[in-house]
């Protein structure tokens, strides 16, 4: 019969348990942050959509300076069904991650 090293098994199980608890905590924090964002969005009744307003045919400005394009039409139709207004925010596409992180 093989002798079990209880110390190593307890330490190993403790490490696994700590990792699992940490992962659950991170998932819970992410879910809480997303719920807060959605709660704020629905309270304001407005969604901000960032887009590159020079990307034809997805989102661009027509001769009158109005935002048009497939993405613009899709966003307007989708959020209208949800009862939300859309505010379009032109962004520098190369900085999109930074802009998302800063709100």
On Cα atoms only, tilt of 70-81 relative to the major axis of the chain in degrees
80
How high is the FRET efficiency between residue 58 and residue 21 when r is their beta carbon distance and R₀ equals 35 Å, given to the nearest 0.05?
0.20
Taking the beta-carbon count within 10 Å as an exposure proxy, list 81, 45 from fewest neighbours to most.
81, 45
Sorted by mean Cβ packing within 10 Å, highest first, what order do the peptides 69-77, 90-98 take?
69-77, 90-98
Determine, from the Cβ-Cβ distance of residue 44 and residue 78 and an R0 of 25 Å, the FRET efficiency 1/(1 + (r/R0)^6), rounded to the nearest 0.05.
0.90
Could you state the angle between the C-alpha long axis of helix 6-44 and the longest principal axis of the C-alpha atoms of the chain, as a value from 0 to 90 degrees rounded to the nearest 10?
20
Ranked list, fewest to most other Cβ atoms within 10 Å of each Cβ, for 7, 61:
7, 61
Please give the calculated 222 nm ellipticity per residue for the chain, where each DSSP H segment of at least 4 residues contributes -39500 (n - 2.57) and the sum is spread over every residue; nearest 500 deg cm²/dmol?
-19000 deg cm²/dmol
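Values in this text are rule-based calculations from the coordinates and carry no lab data. Since the model is a prediction, treat every value here as computed from it, not as a measurement. Cβ sites come from the backbone with ideal geometry, for glycine too, and all protein chains shown count toward neighbours.
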